[in-house]
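Just below is one structure, and these are the notes that go with it.
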There are 2 protein chains.
Amino acid sequence: MSGDETTITREAATELGEEVMRLAGFAPDHARAITACVVRAQGDECHSHGLYRLLSCAALAEKGKVDPKATPVVDDRAPAIVRVDARRGISLRSFEAGLPLLCEKAKTAGLAALAINNCYHFSALWPEIEAITDKGLVALAMTVSHAWVAPAGGTRPAFGTNPIAFGWPRPGKHPFVFDFATSAIARGDLELHRRSGTPLPEGVAVDAAGKPTTDPLEAINGAMLTFGGHKGSVLSAMIELLAGPLIGDMTSAQSLAHDDGAGVIPMHGELILAFDPASFLGGTVAESSAQAEGLFDAITGAGARLPSARRYAARRRNADRPMPVRRAVLEDIAALRERLRR
Amino acid sequence: MSGDETTITREAATELGEEVMRLAGFAPDHARAITACVVRAQGDECHSHGLYRLLSCAALAEKGKVDPKATPVVDDRAPAIVRVDARRGISLRSFEAGLPLLCEKAKTAGLAALAINNCYHFSALWPEIEAITDKGLVALAMTVSHAWVAPAGGTRPAFGTNPIAFGWPRPGKHPFVFDFATSAIARGDLELHRRSGTPLPEGVAVDAAGKPTTDPLEAINGAMLTFGGHKGSVLSAMIELLAGPLIGDMTSAQSLAHDDGAGVIPMHGELILAFDPASFLGGTVAESSAQAEGLFDAITGAGARLPSARRYAARRRNADRPMPVRRAVLEDIAALRERLRR
């Protein structure tokens, strides 16, 4: 552990987080859900989605964008669709509110969708994916963000960073989970380059004239690119359509316009699908699970890593000990608490 | 038109295709479905999925792998799942057999899945995607293939070329459709490089020792790579899981083992999802359609092209005139017909 790092127990982090979120104006159920999510990410050593996010959630409440006391409204839309109106609240409580019906519908219908509308979404998608794989279901989730990303062959933004995540349950093991942005670089990483003044990798951004650039400020005034060229670009378009117009919510361009310069976490929709293997297979899932394990063995046998391996290693490492955290993050949270207490 | 090309009318191509497929042993309904599919691709000037495929379908029947007279069995598995057992037939008849129930279920449940099992699949996915968008539904489809593709960071094959396709209906216009292989290069293109002895692009393959190669023969003995690095690689894994174990069908490695050196079109499963926007939205889809059109305008306004634009241009060009086709393809089909008539 470097001098910049210290540790905190889950209990202390939970107590701190819930207090600060309540001080920032969040209702107790939101404060609990937000804190549980960031503590979990911190335990997996996902620093960018960890305790640090308490600061941006507080800022969101202070700017008056989010409704910190919103009560989600669950709508049993169709035999395989649950919609939850987050009513401008943070997405996490809406996910909790919709999850039981999503799982019930997936097991009855074979697959089902949970559409969350009008939510502020700051978290990674993998905690939601894991909540579904924990029920023995296969999960796919996606959201739009703010329009910062140019389509392949184009020079101006049309898409968000548009993350997509997937999970496959593995009995007795951590699930197979991936969660990635369809932009070539994460927005947070671009910000880090801007602050540190270090050049971007080649091929991740263009300037305002549409020319390739490695200058982070030029990239912010221009556009990020998608991963994987034309293929990544059309996937990003698919996410815009499925997590936007399909579920009656904003595209990344509309979400950016709604932000109107506030510079906070995006408000938008989220689409989550759950598939029930037992319904597809009409019986035991043992053979199917064994096939999937064969695939995972082939991946590691070919010399590659399974996604989330680093995260799961951190989870195991931190299971019975205080979690590492950057000292500056705890100091900023403590200062925020002092300010909010006054 | 070059000296290598000629033209054929849809009527003549249909008559020729159906005759040759029947001579190759296919039942009339299979002969009709196969021919309709390849004639349609030829009209879109997708030469690699056009009339040329009649030759590989005939070879498949001659090698005794496919059942050319298979009758698909439709299983109404769950409120949102249709399974069709192709019984070792070509996939197209199974898709036709399952499509009405898929659409009915999507409209009732909000979304639904069609799982086709035990099918030989030679066609592109876009004809099936367009059959679903024609009904006003959103479509997503995927299949595995044969294990020729290494996971990112790995040196030996674990995945197929695993195509994924998506479609969004656009009233009065051609739908927004993409259809791409998650391998960095199409298997057919790799074959073309091998035959012509021209080097591959950089970054699409490794040799048997796992070292990057541009030599097509070394690539065939080694492995192709996925598009988009780690992100493309995990998407390919997702396709293996969803179109394989989830629906009780083979992975790409199992499909390659089943081929057992015959070198024919892969037998495997296919997963197709259909989403009903009206069910999600609970009313009119006009606003949602307008939002999507705004996204498409942003894409083209940014200087990029919509996917399938080249194909739709060819479709318009060939709507009222004979379709272009390579002379050698027609000669090979004519020679095959003569041989089969004897």
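The values are calculated or read from the model by the stated rules, or taken from the named source; none is laboratory data. Computed from a prediction, not measured in an experiment: that's the story for all the values here. Backbone-built Cβ (ideal geometry, glycine too); neighbour counts: all protein chains shown.
Observations on the structure shown:
- The number of residues in the range A:242-257 being among the small types (G, A, S), within 15 Å of A:A115 (Cβ to Cβ) and either surrounded by fewer than 24 Cβ atoms within 10 Å (Cβ to Cβ) or more than 7 Å from chain B (Cβ to nearest Cβ) (or both) comes to 2.
- Qualifying residue in the range A:177-196 (condition: within 14 Å of chain B (Cβ to nearest Cβ), small (G, A, S), surrounded by fewer than 21 Cβ atoms within 10 Å (Cβ to Cβ) and free of Cβ contacts under 8 Å to residues at least 60 places away in the same chain): no
- Residues in the range A:272-316 that are among the hydroxyl-bearing types (S, T, Y) and modelled with pLDDT of 95 or more: A:S279, A:S288, A:S289, A:T300, A:S308, A:Y312.
- Residue within the range B:125-136 that is in contact (Cβ under 8 Å) with a residue 12 or more places away in the chain and facing chain A (nearest Cβ under 8 Å) present: no
- Residues that are more than 8 Å from chain B (Cβ to nearest Cβ) and either among the β-branched types (V, I, T) or surrounded by 20 or more Cβ atoms within 10 Å (Cβ to Cβ) (or both) within the range A:165-176 comprise A:A165, A:G167, A:P169, A:P175, listed in sequence order.
- Here A:A208 meets each of (1) within 7 Å of chain B (Cβ to nearest Cβ); (2) at pLDDT below 95; (3) in contact with an Asp or Glu (Cβ under 9 Å, 6 or more places away or on another chain) with one exception, condition (1).
- Checking B:R83, B:R22 one by one, the residue that is touching a residue at least 24 places away in the same chain (Cβ under 8 Å) and assigned by TED's automatic domain parsing to the domain that holds B:A115 is B:R83 and no other.
- Only one entry of B:E96, B:E130 meets the criterion of being within 16 Å of B:A141 (Cα to Cα), touching a Gly at 6+ places or on another chain (Cβ under 8 Å), surrounded by fewer than 24 Cβ atoms within 10 Å (Cβ to Cβ) and at pLDDT 95 or above, and that entry is B:E130.
- Output for the range A:197-226, where each listed residue is crowded, with 24+ Cβ neighbours inside 10 Å, touching a Leu at 6+ places or on another chain (Cβ under 9 Å) and under 28 Å from B:D179 (Cα atoms): A:A205, A:M224, A:T226
- Selection count where residues are part of a helix (DSSP H, G or I) and of a type in the set (A, V, I, L, M, F, W, C), scope the range B:55-75: 6
- Looking only at the range A:48-89, and only at residues there that are hydroxyl-bearing (S, T, Y) and under 30 Å from A:A334 (Cβ atoms), the one that is nearest to the chain's Cα centre (by Cα): A:S48
- Subset of the range A:172-192 that is closer than 15 Å to B:M238 by Cα and of a type in the set (A, V, I, L, M, F, W, C) - its residue that is nearest to the chain's Cα centre (by Cα): A:F180
- The C-beta contact set for the range B:291-308 (first residue polar (S, T, N, Q), second residue in a helix (DSSP H, G or I), distance under 8 angstrom, 6+ apart or interchain) comprises B:Q291/A:P245; B:Q291/A:Q254; B:S308/B:W126.
- Matching residues in the range B:19-39 - criterion: being under 14 Å from B:F122 (Cα atoms) and either of a type outside the set (A, V, I, L, M, F, W, C) or not in a helix (DSSP H, G or I) (or both): B:H30, B:T35
- Selection of the range A:1-35 for residues being among the small types (G, A, S), modelled with pLDDT of 95 or more and out of contact with any Asp or Glu (no Cβ under 9 Å at 6 or more places or on another chain) yields A:A12, A:A13, A:G17, A:A27.
- Among the residues of the range A:197-224, the one identified as assigned to a strand (DSSP E or B), farther than 14 Å from A:G160 by Cα and without any contact (Cβ under 8 Å) to a residue 40 or more places away in the chain is A:P212.
- Top-ranked residue in the range B:140-163 [being within 11 Å of chain A (Cβ to nearest Cβ) and assigned to a strand (DSSP E or B); ranked as surrounded by the most Cβ atoms within 10 Å (Cβ to Cβ)]: B:F159
- Screening A:A41 on (1) more than 14 Å from the chain's Cα centre (by Cα); (2) farther than 21 Å from A:R87 by Cβ shows it passes everything except condition (1).
- Of all residues in the range B:100-121 being buried (at least 21 other Cβ atoms within 10 Å of the Cβ) and outside any strand (DSSP E or B), the one that is farthest from the other protein chains (Cβ to nearest Cβ): B:H121
- Here A:I8 fulfils each of the conditions (1) among the β-branched types (V, I, T); (2) touching a residue at least 60 places away in the same chain (Cβ under 8 Å); (3) surrounded by fewer than 17 Cβ atoms within 10 Å (Cβ to Cβ) apart from (3).
- Of all residues in the range B:7-18, those satisfying the criterion of being out of contact with any strand residue (DSSP E or B) (no Cβ under 6 Å at 6 or more places or on another chain) and not in a loop (DSSP other than H, G, I, E, B) are B:R10, B:E11, B:A12, B:A13, B:T14, B:E15, B:L16, B:G17, B:E18.
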